[in-house]
Amino acid sequence: MSLQQIKLIQLPKILDDRGNLSFFENERQIPFKIERVYWIYDVPGGEIRGSHAYKSLQEVIVALSGSFDVVLNDGIQEKKFTLNRSYYGLYVPKMIWRYLDNFSTNSLALIVADQSYKEEEYIRDFEEFKKLSQS
Ligand code: TYD
C-alpha cells in the first residue's frame, strides 16, 4: 500500500451558535463499515502510541480534542499529519506503518476500524513490515 492511498477526509461541520457538531456514518464519510471504535487519552507528555502496521485492517483517526501527530510510512516514504481539528478524519489503509506522538495535554484520539481487535492483524516489527510491504 502506498502513501497515496492515505486521505484526509473533511467531515460535515454543522456550525451553530450553541456549539458545532460533526459526524460520520458507515460507508459514507468513512469508506468502510465500522466494526470497532476505540480512543486514546491521558497520554503523558513525550509518549508514543502505535508503532505498528495492520495486515488488512483499515482505520480513520480523528483528533476529537487537542492535537497530535500521525506519522505514516509505506515502507519507502514517510509522511506526518498533524491532527488538531475534530472535523477531519485521517484515513489509513492496510499495510501502512503508523505511530502517534506529540500529544497535547488533554488530547483525545478517536479511531474507527473495519475489524474487531485481533493481535494476528498486527505487524509490530518495522523490518518485517518493510519486507512484507515490498513482497
Ligand atoms: P495497541 O494497539 O498495541 O496499542 P498501541 O499500539 O497504541 O501501543 O493496544 C494496547 C493494548 O490494548 C493491547 O494489549 C491490546 C489492547 N487492545 C484491545 O484489547 N482492544 C483494542 O481495540 C485495542 C486497540 C487494544
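The values are calculated or read from the model by the stated rules, or taken from the named source; none is laboratory data. These numbers come from a predicted model, not from an experiment. Methodologically, a virtual Cβ is constructed for each residue, glycine included, from the backbone with ideal geometry; neighbour enumeration extends over all protein chains shown.
For the stretch 103-113, name all the residues that are at positive phi and either among the hydrophobic types (A, V, I, L, M, F, W, C) or within 10 Å of the chain's Cα centre (by Cα) (or both). Give the steps one after another, and end with the answer.
Of all residues in the stretch 103-113, those at positive phi come to 106.
Residues satisfying the conditions do not exist here.
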Do we have any residue at all in the stretch 30-39 that's of a type outside the set (Val, Ile, Thr), surrounded by 12 or more Cβ atoms within 10 Å (Cβ to Cβ) and over 12 Å from residue 112 (Cβ atoms)? no
I'd like to check which strands (runs of 3 or more DSSP E) are fully inside the stretch 1-84 and have at least 3 residues that are away from the ligand (no atom under 16 Å from the Cβ). 7-10, 78-83
Criterion first (away from the ligand (no atom under 16 Å from the Cβ) and either within 25 Å of residue 15 (Cβ to Cβ) or in contact (Cβ under 8 Å) with a residue 40 or more places away in the chain (or both)) does residue 107 satisfy it? no
Within the stretch 53-102, track down each residue that is more than 10 Å from the chain's Cα centre (by Cα), of a type in the set (S, T, N, Q) and either surrounded by 20 or more Cβ atoms within 10 Å (Cβ to Cβ) or at negative phi (or both). 56, 65, 67, 73, 77, 82, 84, 86
Can you say whether residue 116 is over 10 Å from the mean Cα position of the chain (by Cα), away from the ligand (no atom under 16 Å from the Cβ), closer than 22 Å to residue 33 by Cα and not basic (Lys, Arg), as far as the supplied structure shows? no
Can you spot a residue in the stretch 114-124 that is surrounded by 17 or more Cβ atoms within 10 Å (Cβ to Cβ), of a type in the set (Lys, Arg) and farther than 18 Å from residue 7 by Cα? no
Determine whether the stretch 122-135 contains at least one residue that is under 20 Å from residue 55 (Cα atoms), in contact with a strand residue (DSSP E or B) (Cβ under 9 Å, 6 or more places away or on another chain) and modelled with pLDDT under 95. yes
